[in-house]
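First comes the structure, then the notes that go with it.
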Amino acid sequence: MTEKHRRLFFLGMFALVFYLIGASFVESFVTYPTWKVVGRSEFQAYYQELSTRIVRVMVLPGALEIPLTVALLWLRPRVIPMWPVALSLILTVIRFVLMAVSQLRVQEQLDAEGLSLDAIDTLIRGDALTQAASIARALLYLWMMSLVVREPHDVTLD
């Protein structure tokens, strides 16, 4: 793989990571708090419809991020050291584990029982750690992108 292709792969990863972070911010800071104002009788239908969309828009692309980050360990531009990519992978795995531990249980409760303000508050509190991992990942990717942008690239060398 040429350096140009490595940079394009990294650019794709950068876009994917920021897409996922933006989507998770909307989920965390817009969707979750808004659930509290959905009527009790409408909540179940609303939640079911939203859940199917979240799988397509967030879960599947998020699951794709893990193998692509593993690939980035070997296919990264030469200016990017391995450690930030490895740390990003660790943060991604931490984020998935935190979601599984803190969020899935509450999400299942909302799915089965319907609207629960206490469950939504628990979800929001647990999501803070997930977002901390996302913010750290974003900072890593911004730093890595700054390395790529600062280094001149001569396509004739590829």
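The values are calculated or read from the model by the stated rules, or taken from the named source; none is laboratory data. These numbers come from a predicted model, not from an experiment. Every residue, glycine as well, gets a Cβ built from its backbone with ideal geometry; the counts of neighbours run over all protein chains shown.
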**Request:** Considering only residues that are touching a residue at least 40 places away in the same chain (Cβ under 8 Å) and under 21 Å from Leu98 (Cβ atoms), look in the stretch 28-46 and name the one that is surrounded by the most Cβ atoms within 10 Å (Cβ to Cβ).
**Result:** Trp35
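Scan the stretch 84-91 and tell me whether some residue there is in a helix (DSSP H, G or I), loosely packed, with under 13 Cβ neighbours inside 10 Å and either modelled with pLDDT under 95 or not polar (S, T, N, Q) (or both). Full working, then the answer.
Our first condition is that a residue be in a helix (DSSP H, G or I); within the stretch 84-91, this holds for 84-91.
Pick out the ones that are also loosely packed, with under 13 Cβ neighbours inside 10 Å and you get none.
So far as the stretch 84-91 goes, no, none of its residues is in a helix (DSSP H, G or I), loosely packed, with under 13 Cβ neighbours inside 10 Å and either modelled with pLDDT under 95 or not polar (S, T, N, Q) (or both).
Do we have Pro81 as over 14 Å from the mean Cα position of the chain (by Cα) and at pLDDT 95 or above here?
In short, yes.
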**Message:** Suppose we filter Leu89, Leu64, Leu50, Leu98 for residues that are closer than 17 Å to Leu20 by Cα and touching a residue at least 40 places away in the same chain (Cβ under 8 Å); which single one remains?
**Reply:** Leu64
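Looking at Ala128, Ala119 in this structure, which one is in contact with a helix residue (DSSP H, G or I) (Cβ under 8 Å, 6 or more places away or on another chain), part of a helix (DSSP H, G or I), farther than 28 Å from Phe9 by Cα and among the small types (Gly, Ala, Ser)? Walk me through how you get there before you give the answer.
On the way: Ala128 fails: in contact with a helix residue (DSSP H, G or I) (Cβ under 8 Å, 6 or more places away or on another chain).
Step by step, each of Ala128, Ala119 is checked, and only Ala119 is in contact with a helix residue (DSSP H, G or I) (Cβ under 8 Å, 6 or more places away or on another chain), part of a helix (DSSP H, G or I), farther than 28 Å from Phe9 by Cα and among the small types (Gly, Ala, Ser).
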**Message:** Let me confirm something: among Arg78, Arg40, which residue is among the basic types (Lys, Arg) and over 15 Å from Leu110 (Cα atoms)?
**Reply:** Arg78
**Request:** Give Val149, Val57, Val79 a once-over and let me know the one that is closer than 24 Å to His5 by Cβ, surrounded by 12 or more Cβ atoms within 10 Å (Cβ to Cβ) and of a type outside the set (Gly, Ala, Ser).
**Result:** Val79
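Consider Val149 carefully, then state whether it is more than 20 Å from Phe29 (Cβ to Cβ) and assigned to a helix (DSSP H, G or I). Let's see the steps before the verdict.
Working: more than 20 Å from Phe29 (Cβ to Cβ): yes; assigned to a helix (DSSP H, G or I): yes.
Yes: the conditions hold for Val149.
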